[in-house]
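See below for the structure under consideration.
The values are calculated or read from the model by the stated rules, or taken from the named source; none is laboratory data. As the structure is a prediction and not an experimental result, all values here were calculated from the model. Quick reminder, even Gly has a Cβ in these numbers, built from the backbone with ideal geometry, and neighbours come from all protein chains shown. Ligands, DNA and RNA are stripped out before the accessible areas are found, and what is left, the full protein with its side chains, is counted by its heavy atoms. Shrake-Rupley method; radii C 1.70, N 1.55, O 1.52, S 1.80 Å.
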Amino acid sequence: MRPLSQDLRQRIIAARERGAGTGEVCRRFGVSRKSVERFWKQHRLTGECRPKQIGGYRRSRLEKHDRTYAVWIGAQADLTLSELQKTVSGDLKVSIGITALWHRLEPLGLSYKKNDARRRARSA
């Protein structure tokens, strides 16, 4: 979903300032009662009513430890993601998921080593 337009938010606030009730405003503009209450409260507290950011970039918890785990991988290149996750959790005291860990390691140019024995449909 996209946030309601700034123009609609301003019209809702203007209607509330003129003394219209929450129910009347939500019916007039076709928005939920909760939205009207939220916009009005935000306007009273901050003096404006802007939508919050949707999405965006979040920094990795491992960003400041890049050198540390690069050294670990250099010393033992066959570390699995789960082993590295346990090491990061134990030594660096950083809790991170496997996928997030992989997204942090991927720019280092590491690749997953495929094992032909695991890919077979039947035993070797």
Would you please state the base-10 log of I(q)/I(0) at q = 0.11, 0.19 1/Å for the chain, with intensities from the Debye formula using one equal scatterer on every alpha carbon? -0.63, -0.98
Measuring from the longest principal axis of the C-alpha atoms of the chain, the long axis of helix 66-75 (C-alpha) lies at a number of degrees, nearest 10, equal to 20 degrees
Percent accessible area from carbon and sulfur atoms, the chain, protein chains only, probe 1.4 Å: 49 percent
According to the square roots a ≥ b ≥ c of the eigenvalues of the Cα gyration tensor, what is the shape class of region 10-82, taking rounded for a/c under 1.5, prolate for a/b larger than b/c otherwise, and oblate for the remainder? prolate
For region 1-65, which chymotrypsin sites (Phe, Trp or Tyr not before Pro) are in a loop by DSSP, counting at most 12 other Cβ atoms within 10 Å? Tyr57
Taking a probe of 1.4 Å, how large is the accessible area per residue of region 1-96, in Å²? 75 Å²
Taking the Cα centre of the chain as origin and charging only Cβ (+1 Lys, Arg; -1 Asp, Glu), how large is the dipole, in debye to the nearest 20? 560 debye
Which residue, Leu92, Trp102, Tyr69, has the largest displacement toward the positive end of the dipole of the chain when charges sit on each Cβ (Lys, Arg +1; Asp, Glu -1)? Trp102
Karplus ³J(HN,Hα) for region 27-42 (6.51 cos²θ - 1.76 cosθ + 1.60, θ = phi - 60°; Hz, whole; x = Gly/Pro) runs 5, 5, 9, x, 10, 6, 4, 4, 5, 4, 4, 5, 5, 5, 5, 4
For Val94, residues with placed amide H under 5 Å, excluding near neighbours: Ser89
